[in-house]
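A quick write-up on the structure given underneath.
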Amino acid sequence: MTETVTALSESLFQQLQNEPFALLHTIDAEAGSPTSSAVSWIYPVNESTLRFAIDGRSRLAVNMLSKADVSVTVFVPGSIQTIYGIARLVKDSLDEVPFKLVCFDIEIGYIRDAMFYGSRLSAMPEYEKTYDKRAADKLDRQVFAAMKKA
């Protein structure tokens with residue numbers, strides 16, 4: 001039986017430093033069913049806490065305020081890791097960001113390798129922002145700076 005992992009490894013901590021592509025999983029507040037959404041404004045505060053920002057009008061925020069159990073799936077070289085934990089609202093509006101973003105922390109409960117047996121991830125998922133590159137870079141800097149102050 002494998003040992004339960006309850007904190008980010010150094011390599012996973014480093015992987016999460018550069019605006020990773022991640023999937024945030026919540027429980028829908030109305031239907032009670034699982035939901036998944038892609039997020040990129042996420043980073044590790046320390047080895048036991050992840051912080052992320054989302055649109056304050058998002059259904060995700062309503063879901064996490066209703067039921068705090070969440071998971072985040074991240075893609076790492078060769079594998080997929082899912083981080084399970086409890087979401088907590090840190091700030092209901094991030095200062096110095098041009099629209100309403102809310103900031104949550106996830107207290108990590110445990111981490112599991114989510115790759116199916118006998119396989120490895122052969123390529124990392126990539127994404128690109130489809131709006132003005134300078135505006136996207138400026139917004140990213142504003143959001144991460146505000147999250148770090150939260």
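Just so you know, all these numbers are worked out from the coordinates, no wet-lab data involved. On a predicted model such as this, the values are computed, not experimentally measured, just so you know. Here the Cβ is made from the backbone with ideal geometry for all residues, glycine too, and neighbour counts use every protein chain on show.
How much length, in nm to one decimal, is gained on full extension between SER33 and GLU3, taken as 0.36 nm per residue of separation minus their Cα-Cα distance?
Here the segment from SER33 to GLU3 would lengthen by 7.9 nm.
State, to one decimal in nm, how far the label point of ASN46 lies from the label point of PHE99, with both points 7 Å from Cα in the Cβ direction.
In this crude label model, ASN46 to PHE99 measures out at 3.4 nm.
Just checking my list [x] -0.51, -0.60; [y] -0.56, -0.64; [z] -0.44, -0.52 against log10 I(q)/I(0) by the Debye sum over Cα atoms at q = 0.12, 0.13 Å⁻¹ computed from this structure; which label fits?
Of the listed options [x] -0.51, -0.60; [y] -0.56, -0.64; [z] -0.44, -0.52, [x] comes from this structure.
Would you please give the residues with an amide H less than 5 Å from that of ASP28, counting only those at least 5 places away or on a separate chain, with H modeled from the backbone geometry?
Here the answer is SER33, THR35, since their amide H atoms fall under 5 Å of that of ASP28.
Which whole-Hz ³J(HN,Hα) couplings does the range 49-61 yield from phi under the Karplus relation 6.51 cos²θ - 1.76 cosθ + 1.60, θ = phi - 60°, glycine and proline marked x?
Result, ordered by residue: 9, 10, 10, 8, 10, 9, 4, x, 8, 5, 4, 4, 4 Hz.
Would you mind pulling out the separation of the Cα centroids of the range 1-46 and the range 111-133, in Å?
Here the answer is 12 Å between Cα centres.
If you line up the long axis of helix 133-149 against the longest principal axis of the chain, both from Cα atoms, how many degrees apart are they, to the nearest 10?
Tilt relative to the chain: about 80 degrees.
On full extension of the chain, what length is gained from ASP132 through PHE144, given 0.36 nm per residue of separation minus the C-alpha to C-alpha distance?
Fully extending the segment from ASP132 to PHE144 adds 2.5 nm.
For the chain, calculate the relative contact order in percent as a whole number, restricting contacts to Cα pairs under 8 Å that are 6 or more residues apart.
Answer for the chain is 24 percent.
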